[in-house]
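Here's the structure we're looking at; comments come further down.
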Amino acid sequence: MTSRNQNRPPRSPSSKKEGVESIPLDKRRRIGMGRTGGATNAERKPFGSVNKKLDVAATSDVGSCVEGSDCGNVEFTKEEIDVLVNERLKMKKFDHKGNMELVSELNARLKVCIKWFQKRDEAHVEGEGKLQNALDALEKKCAETEAEMKNKEERFSATISELRQDNTCVQERLVKEESEKLDAIACHRKENEARIALEALQASLSKDLEKAQQDILVANQRAASVDDMYKRLQEYNLSLQQYNSKLHSELEVARESLKRVEKEKSTIMENHSTLRGHYSSLQDQLNLARTGQDEALNQKDALANEVQCLRGELQQVREDRDRQVAQVQVLTSDVVKYKESTGESCAKLEYLMEKTKSLEGTCSSQREQIRLLEHQLTATNEKLKMSDLSSIQTRAEFEEQRRNVHDLQERLAETEYQLVEGEKLRKKLHNTILVRVSFVLICEALDDGTNKTSLVLQELKGNIRVFCRVRPVLPDDVAGSEQPVISYPTSTEALGRGIDVIQSGQKYPFNFDKVFNHDASQQEVFVEISQLVQSALDGYKVCIFAYGQTGSGKTYTMMGRPEAPEQKGLIPRSLEQIFQTSQSLIAQGWKYKMQASMLEIYNETIRDLLSTNKSSGAENGAPGKQYTIKHDANGNTNVTDLTIVDVCRIEEISSLLRQAAQSRSVGKTQMNEQSSRSHFVFTLRISGVNEGTEQQVQGVLNLIDLAGSERLSRSGATGDRLKETQAINRSLSSLSDVIFALAKKEDHVPFRNSKLTYLLQPCLGGDSKTLMFVNISPDPASVGESLCSLRFAARVNACEIGIPRRQMTAQMTS
């Protein structure tokens with residue numbers, strides 16, 4: 001491999017000295033500690049001894065970095081990461097081992113930083129999963145609590161219905177007692193009338209029985225005492241009426257308290273339904289319930305006092321009754337003497353005694369009713385206490401759940417903030433130009449000379465990455481070769497990166513960024529480029545194109561078979577990832593707008609594959625609509641009059657891809673029954689805005705399926721197919737000329753020699769992230785074409801292009 005430093009002017013010793021002196025003092029001290037083991041810069045030693053010490057220092061330094069990254073728990077701050085990412089290495093021209101030490105040291109630190117970030121990312125994902133599980137458990141617990149509250153509401157409603165039924169029964173009993181009391185009052189009136197008649201009879205008897213005037217006077221006095229007793233009975237009846245009215249008023253108060261209880265129950269039900277947002281109203285209603293309970297307790301005390309008073313009055317009535325019984329017995333003994341004259345009076349007195357006994361029975365029944373009411377009141381108080389306890393317990397559970405929800409919300413907010421910071425750090429680390437060369441490759445560069453060393457240094461400046469893919473052997477391939485023409489080296493430094501092609505017994509080795517054998521699946525290939533596709537959402541211009549001979553699997557790699565999920569190509573998988581990632585970034589405040597366009601370059605003519613009004617003249621070879629390629633000052637490419645479609649869903653992209661596949665030019669040759677006869681270019685323009693930070697990014701994703709290179713002797717093309725083959729070979733030859741000019745760093749690069757190279761100018765010579773897939777066939781008859789494709793890919797991999805820049809139009813200053 002030729003050196004790429006041949007065209008560079010040699011550096012003078014003075015410039016080398018100035019480069020050494022421009023290194024900061026602290027960095028020189030760190031480098032000096034690893035190299036010379038504490039020797040000063042002023043000391044001079046033989047060149048051989050210096051080289052030996054450099055070898056030992058490089059080995060120990062890199063080994064310690066690797067061990068530290070594997071065993072130690074290293075923590076990084078944001079400032080340390082910024083310093084590590086923005087650190088620029090200053091290389092010396094002739095001190096290759098020193099340069100390799102610097103590169104290996106930076107690589108080891110970057111690996112440690114990346115591993116630390118991966119661990120942090122895994123910890124964030126695990127914490128987010130735990131928070132989600134805890135949130136689901138709390139939601140489930142809330143649902144169970146709501147179900148329990150519904151059950152309690154049903155029990156309360158059943159209790160209220162029972163209380164209403166008891167209330168109706170009590171009302172019916174009170175109505176019945178009122179009717180009985182009215183009957184007792186009517187009987188009292190009749191007794192008063194009878195007493196008046198008895199007095200008149202006694203007066204007539206006094207006139208008739210002059211002899212017994214004294215006895216009659218005694219009888220009159222006794223009758224007066226009976227009148228006093230009757231008056232007392234009337235007063236007692238009045239007191240009973242007053243007590244009845246008081247019971248009515250207490251019943252009304254009990255009804256009002258019951259209504260208040262019902263209102264409080266309804267408010268409790270409403271508070272349970274709106275438990276999270278109306279806690280203050282629940283406290284107010286709880287205070288009302290407590291005041292109602294206090295009122296009920298006061299009423300209970302008043303009723304107890306009244307019952308005590310009634311018991312005293314009843315005792316007094318019993319004493320009066322005993323006295324009356326004694327008086328009646330005396331009167332009966334006196335009346336016996338005057339039985340003939342006062343027989344009717346005795347009968348009436350017995351009737352009055354019976355009435356008195358009936359009144360005593362009525363009083364006892366009323367006492368029983370009072371006891372029943374007291375029992376009902378105690379039961380109601382107990383139910384109120386139970387409802388108060390359940391309300392207090394529910395409020396405590398609500399407070400605990402609210403605290404848990406608040407803690408979860410705080411932890412979720414903290415996790416989202418850490419996720420946003422981690423995403424920013426991921427973008428910064430991913431889009432930083434890293435040295436992707438292992439320590440073994442550095443040692444080989446030291447052994448082989450300056451050629452590989454220059455390759456390592458050029459990777460820092462931004463090379464085109466190249467992936468190689470070998471398609472499986474098909475039944476139509478030429479058989480008869482005992483040994484395969486393609487093999488894969490098994491050495492550690494070339495595993496997964498090297499490929500050997502055997503032609504006429506001679507082996508031709510090639511090394512690329514990644515090599516996929518014939519067993520590699522579409523998913524395995526896409527995993528390797530998924531992070532490059534992610535860069536388009538981060539605001540970079542990304543270009544991925546497939547190159548190779550006809551029948552090598554370019555279209556299968558790029559498009560695949562969209563109807564089979566496992567055989568989807570890079571284009572549908574990349575678009576699915578972009579849409580899924582854009583949806584996940586909505587939570588971080590990002591909103592994306594995407595526009596898609598598809599074209600093909602057929603016989604050096606641009607065709608719009610999404611146009612709905614294609615002219616028949618263009619299809620028949622006559623000149624149709626003319627499309628012009630334009631590049632602006634920012635490196636953006638536009639094609640005039642090209643159809644651009646706004647897309648919001650992956651289904652829209654799939655429909656556009658099917659439409660483009662039907663419109664694309666394909667043909668049959670001896671090498672492929674369905675050969676692509678044009679270069680297919682898919683472009684997705686991405687505009688993103690973060691509403692929180694006011695940051696705007698603009699990315700472009702170009703996915704290109706080039707037409708296959710083929711030899712006329714093998715393809716057997718004639719007529720239109722011959723013209724197509726010649727146009728394809730001319731455009732690919734122009735692409736080769738551009739690659740050669742870029743490799744030699746010529747002042748003039750012939751981008752305008754073909755429509756293909758002019759369209760790819762920002763990808764090949766600008767600030768884009770470019771990846772090339774070189775597809776080769778394992779067919780022994782295609783060994784020559786495979787060697788040409790691999791050599792061309794090696795030249796592409798050695799080309800330097802501009803450093804990728806992120807397209808940002810505005811950013812909020814912090």
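The values are calculated or read from the model by the stated rules, or taken from the named source; none is laboratory data. All of these numbers come straight from a predicted model, not from anything done at the bench. Note that each Cβ is placed from the backbone with ideal geometry, even for glycine, and that neighbours are counted across all protein chains shown. Each accessible area value is taken on the protein alone, full model and side chains, heavy atoms only, with ligands, DNA and RNA left out. Shrake-Rupley method; radii C 1.70, N 1.55, O 1.52, S 1.80 Å.
Quick notes
- Subset of the stretch 506-560 (residues that are part of a strand (DSSP E or B) and among the basic types (Lys, Arg)): LYS507, LYS514, LYS541
- Leading residue by the ranking (modelled with the highest pLDDT) among those in the stretch 602-637 that are among the small types (Gly, Ala, Ser) and touching a strand residue (DSSP E or B) at 6+ places or on another chain (Cβ under 9 Å): GLY635
- When residues of the stretch 454-507 are limited to those that are modelled with pLDDT of 60 or more and of a type in the set (Ser, Thr, Tyr), the one surrounded by the fewest Cβ atoms within 10 Å (Cβ to Cβ): SER504
- The requirement of being over 30 Å from SER390 (Cα atoms) and in contact with a Lys or Arg (Cβ under 9 Å, 6 or more places away or on another chain) is fulfilled somewhere in the stretch 130-146, by at least one residue.
- Residue in the stretch 572-583 that is under 18 Å from LEU532 (Cα atoms), open to solvent by 50 Å² or more (accessible area, probe 1.4 Å), without any contact (Cβ under 8 Å) to a residue 12 or more places away in the chain and not hydrophobic (A, V, I, L, M, F, W, C) present: yes
- Residues of the stretch 93-106 classified as modelled with pLDDT under 80 and either assigned to a helix (DSSP H, G or I) or open to solvent by less than 50 Å² (accessible area, probe 1.4 Å) (or both), total: 0
- In the set (1) more than 38 Å from the chain's Cα centre (by Cα); (2) of a type outside the set (Val, Ile, Thr); (3) at pLDDT 90 or above, the condition left unmet by ARG573 is number (1).
- Flag set for ASP228, criterion: closer than 27 Å to GLN316 by Cβ, among the acidic types (Asp, Glu) and open to solvent by 60 Å² or more (accessible area, probe 1.4 Å).
- Taking (1) open to solvent by 80 Å² or more (accessible area, probe 1.4 Å); (2) in contact with a Phe, Trp or Tyr (Cβ under 9 Å, 6 or more places away or on another chain) in turn, GLN221 satisfies each apart from (2).
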